[in-house]
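For reference, the structure discussed in these notes is given below.
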Amino acid sequence: MNADPQTLPGRDTELQLTPDGRLRHLLTLKGLDRDLLVRLLDDAESYLSPVGAAPVRSRLLAGRTIGNLFFEPSTRTRASFDLAGRRLGADVLNLDVNTSSRKKGESILDTIYTLEAMAVDVMVVRDAGAGIPAYIARHVHEHVCVLNAGEADVSHPTQGLLDLLTIRQHKADFAALTVAIVGDIRHSRVARSTAQGLHTLGVGDLRLVSPPAMAADDDDLAFATVTDSLEDGLRDADVVMALRIQKERIDDLDSVLSIDDYVANFGINEERMRVARPDAIVMHPGPMNRGIEIDGALADGRRSVITRQVTNGVGVRMAVLAHVARATGMV
Ligand code: CP
């Protein structure tokens, strides 16, 4: 991609809204209006069905096409966008990145223009490059929407929304909550989006717990408390979210930390959760590395809401698709 100052992250807030304040693209939760955020969560709730019941379906997006363009691996996000689109009646195109022409040197914009020419209405994009979703959003036709499905270490807004929804289902009042996010904060787009959403909803106390080498190194999360003490971070917490070490974004992991030390000091388990509130919930965005950032028994135990996060991901993505489709007059 050519360097373009317009691709710099952090300029996405206005780009993602229509002039009358509706969501046209979803690029970031940073700066997203509280009322819009709450509306998205409420709508996501309406797309959920009781466990064991048939999923909610509609024909809202019948005749429309969603393109899943994942230039990084994914299980949850890709599958849930696929299901969300189909459950709203859309056609869904899952581009196989390993056999796509980007491998032959085609630019991301030429790939996008090619899909536009085949009447793809929504581009769902995951990419290792910071600024790519906004760059695409600046170049698509005015009726086309771009949804950020994971951007470098910058942003993963639908993950943030599903995390907020999961917390709201278990804990009534964000202002009364203590939330601890534990692990590789520095390289985590999930930490950024979830923390930004929590900040907008007025979370009482947000703690970012990590070894110093994995603490945030920018001002994006300056509103949170930072600690390298797991015990301090977990004390009286209502919500604890563990993060995977983002090995793919760390050049020489061995020089940064020892995995054994990490497990000893930052791996969460039932024993370490004793300082948290008795009704504290445990979250993880996935994929998990059991035995490293989270013990398997905790991940499968009574506190865990990890599978609920996955379920909520489909409802959140249906809500986002419905919002952007309405904002652009697609439906
Ligand atoms: N949480 C998340 O983004 O998972 P995937 O990488 O499997 O999509």
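The values are calculated or read from the model by the stated rules, or taken from the named source; none is laboratory data. Just so you know, these numbers come straight off a predicted model, no measurement behind them. A quick note on method: Cβ atoms are made from the backbone with ideal geometry, for glycine too, and the neighbour counts reach across all protein chains shown.
Can you find even one residue in region 187-205 that is more than 16 Å from the ligand (Cβ to nearest atom), in a strand (DSSP E or B), modelled with pLDDT of 95 or more and of a type in the set (Asp, Glu)? Checking region 187-205: at least one residue is more than 16 Å from the ligand (Cβ to nearest atom), in a strand (DSSP E or B), modelled with pLDDT of 95 or more and of a type in the set (Asp, Glu).
Can you tell me which of 258, 304 is over 30 Å from residue 65 (Cα atoms) and within 16 Å of the ligand (Cβ to nearest atom)? Explain how you work it out, then say what you get.
Numbers: 258 fails: within 16 Å of the ligand (Cβ to nearest atom).
Exactly one residue qualifies, and that residue is 304.
Give the residue that is surrounded by the fewest Cβ atoms within 10 Å (Cβ to Cβ), with candidates limited to residues of region 270-301 that are within 14 Å of the ligand (Cβ to nearest atom) and under 28 Å from residue 38 (Cβ atoms). In this case the residue turns out to be 286. Taken over region 101-128, residues that are among the small types (Gly, Ala, Ser), away from the ligand (no atom under 16 Å from the Cβ) and not in a helix (DSSP H, G or I) amount to 4. I'm told residue 51 meets every condition in (1) at pLDDT below 95; (2) aliphatic (A, V, I, L, M); (3) part of a helix (DSSP H, G or I) except one. Can you identify the failing condition by its number? All conditions are met except number (3).
Residue under question is residue 110, and the condition is that it be loosely packed, with under 14 Cβ neighbours inside 10 Å, within 21 Å of residue 167 (Cα to Cα) and not basic (Lys, Arg); does it hold? The answer is no for residue 110. Filtering region 256-265 for residues that are in contact with a Lys or Arg (Cβ under 7 Å, 6 or more places away or on another chain) and free of Cβ contacts under 8 Å to residues at least 12 places away in the same chain leaves an empty set. Against the test of being of a type in the set (Gly, Ala, Ser), buried (at least 21 other Cβ atoms within 10 Å of the Cβ) and away from the ligand (no atom under 16 Å from the Cβ), the options 210, 229 yield a single qualifying residue, 210.
Residues of region 66-88 that are aliphatic (A, V, I, L, M) and in a helix (DSSP H, G or I): 79, 83, 84. Looking at region 108-120, is at least one residue free of Cβ contacts under 8 Å to residues at least 60 places away in the same chain and of a type in the set (D, E, K, R)? Looking for residues that are free of Cβ contacts under 8 Å to residues at least 60 places away in the same chain and of a type in the set (D, E, K, R), one finds at least one in region 108-120, hence yes. For region 29-82, how many residues meet the condition of being of a type in the set (A, V, I, L, M, F, W, C) and over 28 Å from residue 14 (Cβ atoms)? So the answer is 7. Close Cβ contacts (under 8 Å, 6 or more residues apart or on different chains) running from residues in region 60-74 that are of a type in the set (Ser, Thr, Tyr) to residues that are within 11 Å of the ligand (Cβ to nearest atom) comprise 74/126; 74/149; 74/150. Counting the residues of region 57-93 that are more than 13 Å from the ligand (Cβ to nearest atom) and polar (S, T, N, Q) gives 2. Checking each residue in region 206-225 for being closer than 19 Å to residue 284 by Cα and not in a loop (DSSP other than H, G, I, E, B) picks out 206, 207, 208, 209, 214.
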